[in-house]
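As C-alpha cells, the structure follows; a few thoughts come after it.
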Amino acid sequence: MLAVFQASELASCGGTILGIEEELRGKLLPGCPDLLARLDLTVDTGTEIRITDLKTARARWSPADLESASGQLLLYHELIKPLASGKTISLEFAVLTKTKVPTLERHPVPVDPNRLARTKKTAERIWQAIQAGNFYPVPSPMNCSTCPFREPCRDWKG
Ligand code: SF4
C-alpha cells in the first residue's frame, strides 16, 4: 500500500503544503455547537487551495460511496473558505484500497450548493435529535464492526 502511495502523483503534492492533520473549528450552523474538522492534507497549488481527505478501504469506492461521504468535505469547504483569501477551493478523496493489489484513486468532490444545504440541514436536525435525547441503535455493517459500544448496544432495551 505504501509503495502504491509513493508511486502516485499524490506523493508529490504539487504545491505548498499548508497543513497536515490540521484542525479547524468554527460555527457553521445557528444553534449548533462548533464544527471541528481535521483536514488530512491542505495544499496551495498556486491557483487553488486543495483539500484532500485520505481514506483506506476494502474495495474501490463506488459512486454511491463517494456520494454518501461527500458531505464531510463540503463542510470542510465551508470552514476553510474564510481563510482562503478568495482562492478557489477544490475537494477530493484519495482512496487507497487494502486489496491484494492495492489501488489509489482520487475522487474530486464538486462544491454543489444544494448538497451543501442538505448536509447542513441534516447536521442541524441531528443536533436537535441529540438535544431531545432521541437515541436508538442504527446498525450498519460499516460502523458496528469497529464500534466500542457494541455490548451496551446489544443490551439496550429502549
Ligand atoms: S453497535 Fe455501535 S454503531 Fe452499531 S448500532 Fe450499536 S451503537 Fe450504533
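The values are calculated or read from the model by the stated rules, or taken from the named source; none is laboratory data. These numbers come from a predicted model, not from an experiment. Every residue, glycine among them, receives a Cβ derived from its backbone with ideal geometry; neighbour counts consider all protein chains shown.
Before moving on, here are some points about what is shown:
- Condition met for T119 (of a type in the set (S, T, N, Q), under 21 Å from W61 (Cα atoms), surrounded by 10 or more Cβ atoms within 10 Å (Cβ to Cβ) and free of Cβ contacts under 8 Å to residues at least 60 places away in the same chain): yes
- Scanning region 91-101 for residues that are in contact (Cβ under 8 Å) with a residue 60 or more places away in the chain and either surrounded by fewer than 16 Cβ atoms within 10 Å (Cβ to Cβ) or in contact with a Cys (Cβ under 7 Å, 6 or more places away or on another chain) (or both) turns up just one, K98.
- Per-region count, region 101-158, residues aliphatic (A, V, I, L, M) and part of a helix (DSSP H, G or I): 7
- Checking each residue in region 83-108 for being within 13 Å of the chain's Cα centre (by Cα) and aliphatic (A, V, I, L, M) picks out L91, A94, V95.
- Number of positions in region 72-100 that are part of a helix (DSSP H, G or I) and either basic (K, R) or in contact with a helix residue (DSSP H, G or I) (Cβ under 9 Å, 6 or more places away or on another chain) (or both): 6
- Test for W61: is it in a loop (DSSP other than H, G, I, E, B), surrounded by 12 or more Cβ atoms within 10 Å (Cβ to Cβ) and of a type in the set (F, W, Y): yes
- Within region 36-58, if we keep just the residues that are within 14 Å of L104 (Cβ to Cβ) and polar (S, T, N, Q), the residue that is surrounded by the most Cβ atoms within 10 Å (Cβ to Cβ) turns out to be T52.
- Looking only at residues of region 126-141 that are loosely packed, with under 11 Cβ neighbours inside 10 Å and of a type outside the set (S, T, N, Q), we find that the one that is nearest to K55 (Cα to Cα) is P141.
- Within region 2-15, residues that are modelled with pLDDT under 90 sit with their Cβ atoms under 6 Å from residues that are in a loop (DSSP other than H, G, I, E, B), at 6+ positions apart or across chains, in these pairs: G14/T45.
- T88 vs. criteria more than 16 Å from the ligand (Cβ to nearest atom), among the polar types (S, T, N, Q), surrounded by fewer than 12 Cβ atoms within 10 Å (Cβ to Cβ) and closer than 24 Å to D34 by Cβ: no
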